[in-house]
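Below: one structure, written as structure tokens.
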There are 2 protein chains.
Amino acid sequence: MLDVTGPAEMFGWADIDVELVAAEPGLLSFRNGFRFEVTCSFDQARTYDALWVPGGDPQALSDIIADPDQTYLGFLRAQARTTDRWICSVCEGAMLLAAAGLLDGYRATTHWAFIPCFAERFPKVAVADGFPRFVEDGDDRGKRLTGGGISSGLDEALRLIALLKGPKAAAEAQQSTQYYPDPPVRSAIPHQLTCPLPPPKPRAA
Amino acid sequence: MLDVTGPAEMFGWADIDVELVAAEPGLLSFRNGFRFEVTCSFDQARTYDALWVPGGDPQALSDIIADPDQTYLGFLRAQARTTDRWICSVCEGAMLLAAAGLLDGYRATTHWAFIPCFAERFPKVAVADGFPRFVEDGDDRGKRLTGGGISSGLDEALRLIALLKGPKAAAEAQQSTQYYPDPPVRSAIPHQLTCPLPPPKPRAA
């Protein structure tokens, strides 16, 4: 949920319009059951200045990647054909960009638990060292911005605002949202050794 | 939107059930138009371990405060009758707690722009110095946790998790959401002199 709503809040304070797009619009559910409305389908989607791909339930991601119709990955590839827009992900959304081939040869990151998935499943991705909040990369094939896990999207969204509208707009969004974070706990990022993506669900014949 | 969804995300990773409650359930809209579903009315609300009051459109807050039926403020007062639960706000949600008298004599904070509202409108509130992420206070009348603006709710939610389920649960929520923030811009909090709450809308006779 925060992969979508945190950045959307930031973009709103920077007067950037956000359109929610889904393969099947309707009243959808985040992982925790919070239901929200999406009215725009992949077919109705316009071309945007930036595409933001959230993470989600790992089983759902595996099923999207294994979909023989490539409905979701095909949409991502079509959106990435215009090379001057930012193709972004946060959290395990990077798995979908990687599966679509859109991170091949680019430096990228993802949620800490999914970092091993790059080497195991998508070895053409140049994995950024450590656990950065976000990684920017680009060449003549296009521009990429990938974020770490969930809350990384807030930092990443401020960077995207700066890229699209300049640093003053990003500073104003920081002020409006009072984003001067100071977590009251001090944990360490665990060391994950293997990719937690499950096998895709068997499909009906 | 982030006042609600950021903390809800944190609570979800700590296995804390969240129920969205509204005066009039249905498909509601956040300020930016993002529509989401609320199924529980004030009448149907149970007693919870914590009540979390978000901020919102300042005009809507003024109208809630001026409501002669005190629908919203009466709900808050009823929920606060049990003294062992945490009564929390984030952002200008503190204006509603203050208007209900629930912050009288307590140390509290709110979004930086609404800090002057305490002195102007709710002088019995003991305003915390500066712009803390959150402020805890309590006595035999009850327990209060008030947050700063919007994104402060993430830090405050981790604190509430620690209060309800212990520091280990809070550390795990920080890990799951990869909440090790590092904003890529460095702005300062503006100096607000007057309360930005507008007058309530005139009501039909």
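The values are calculated or read from the model by the stated rules, or taken from the named source; none is laboratory data. Worth saying up front: this structure is predicted, and the values here are computed from it rather than measured. So basically every Cβ, Gly included, is an ideal-geometry build from the backbone, and we count neighbours across all protein chains shown.
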Query raised in the report: Looking only at the range B:140-179, which residues are in a helix (DSSP H, G or I) and of a type in the set (Val, Ile, Thr)?
Result: B:Ile161
Query raised in the report: Can you pull out the residues in the range A:158-183 that are touching a Leu at 6+ places or on another chain (Cβ under 9 Å), under 15 Å from A:Trp52 (Cβ atoms) and either facing chain B (nearest Cβ under 7 Å) or among the β-branched types (Val, Ile, Thr) (or both)?
Result: A:Arg159
Report summary line: Note on the range A:48-67: residues within 14 Å of chain B (Cβ to nearest Cβ) and either of a type in the set (Asp, Glu) or over 14 Å from the mean Cα position of the chain (by Cα) (or both) are A:Asp57
Report task. Of the numbered conditions (1) outside any strand (DSSP E or B); (2) under 12 Å from the mean Cα position of the chain (by Cα), B:Phe131 fails exactly one; give the number of that condition. Result -> (2)
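Search the range B:136-157 for residues being free of Cβ contacts under 8 Å to residues at least 40 places away in the same chain and within 13 Å of chain A (Cβ to nearest Cβ), and hand back the single one that is nearest to B:Pro7 (Cα to Cα). Even if it seems obvious, please write down each step before you answer.
Within the range B:136-157, the subset free of Cβ contacts under 8 Å to residues at least 40 places away in the same chain is B:136-139, B:155.
Going one step further and asking which of them are within 13 Å of chain A (Cβ to nearest Cβ), we end up with B:136, B:155.
On the way: B:Glu136: 16, B:Asp155: 9 Å.
Here the residue is B:Asp155.
What residue, of A:Leu97, A:Leu20, A:Leu27, is modelled with pLDDT of 95 or more, of a type outside the set (Lys, Arg), surrounded by fewer than 19 Cβ atoms within 10 Å (Cβ to Cβ) and touching a Cys at 6+ places or on another chain (Cβ under 9 Å)?
On the way: A:Leu97 fails: surrounded by fewer than 19 Cβ atoms within 10 Å (Cβ to Cβ); A:Leu27 fails: touching a Cys at 6+ places or on another chain (Cβ under 9 Å).
The unique qualifying residue is A:Leu20.
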**Report entry** Options B:Ala162, B:Ala126, B:Ala108: the member that is more than 14 Å from the chain's Cα centre (by Cα) and in contact (Cβ under 8 Å) with a residue 12 or more places away in the chain
**Finding:** B:Ala126
Report summary line: Checking A:Ala8, A:Ala45 in turn, the sole residue that is more than 9 Å from chain B (Cβ to nearest Cβ) and not β-branched (Val, Ile, Thr) turns out to be A:Ala45
